[in-house]
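Below is one structure, written out as structure tokens; comments come after it.
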Amino acid sequence: MAGSKSDTSFDAEIADLIGAFPAAQAQALSTLRSTLLRLLPGAVEIVAWGMPTVKIGTDQVLSYSGFTQHNSLFPGPVVAAAIATEFPHVTTTKGTVHIDRDRPAPITLVRRAVALRLDEINASYPRANGKTRRYYSNGVTEYTGSIRNGQMHGHWEWFRRDGTRKRSGKFKAGDPIGDWTTYDTSGQPHKVTRKG
């Protein structure tokens, strides 16, 4: 699983992992890495199960790595099954999507795998502990909060697609209470409104 290294050390470790492959394969994996980070500007890179992995918030989106005959995406079984249906010419196994070893992965395939995985992650909330979160299509958090007895409860925050804070406040059993703050487009407090 992932450790607690700084972003810089993960960056170097991922570069080393990719660089260990033959040149053409390493270039294909490097291009895949760039594509994932372009599609998910809100993501961070970690190493999980010994593979480069992109993560948004507290959620891992997918891992990827190289093998003797191919490279692979690891988006999980739900996404792999959907890819098998939508891209019948692509080889999939349980949880894995095979891509060409020495050429960049098709952008349409990578984009679809990411979109399906984001849908799956968003559908996994709220969690058993009531924590909830939703991501935009670019992997940036749209909102975070808690659900109790099916209602919004406790502290909530909303964000813009660029990641700047938009609004924050508290709920009690679904009703807004206390001070609610609206933020300007740079994420700085703009207005405070008293609720409840």
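Partner lysines whose Cα lies under 28 Å from the Cα of LYS94, excluding those fewer than 8 positions away in the same chain, are identified as LYS55.
In the chain, the DSSP-assigned H stretches of four residues or longer account for a calculated mean residue ellipticity at 222 nm of -9500 deg cm²/dmol, using -39500 (n - 2.57) per stretch and the full residue count as denominator. For region 60-143, the convex hull spanned by the alpha carbon atoms encloses 98 Å³ per residue. At a probe radius of 1.4 angstrom, the accessible area of the chain per residue rounds to 54 square angstrom. Size check on the chain: the Cα extents along the three principal axes, sorted descending, read 62, 35, 28 Å. Ellipsoid semi-axes for region 12-62, based on the Cα gyration tensor and the rule √(5λ), read 20, 13, 7 Å when sorted largest first.
Classify region 87-193 as rounded, prolate or oblate from the Cα gyration tensor: take a ≥ b ≥ c as the square roots of its eigenvalues, call it rounded if a/c is under 1.5, otherwise prolate when a/b beats b/c and oblate if not. Since a/c reaches 1.5 but b/c is at least a/b, the shape of region 87-193 is classed as oblate.
The values are calculated or read from the model by the stated rules, or taken from the named source; none is laboratory data. All figures in this text were calculated on a predicted structure; none of them were measured in a lab. These accessible areas exclude ligands, DNA and RNA; they are computed on the full protein's heavy atoms, side chains included. Shrake-Rupley method; radii C 1.70, N 1.55, O 1.52, S 1.80 Å.
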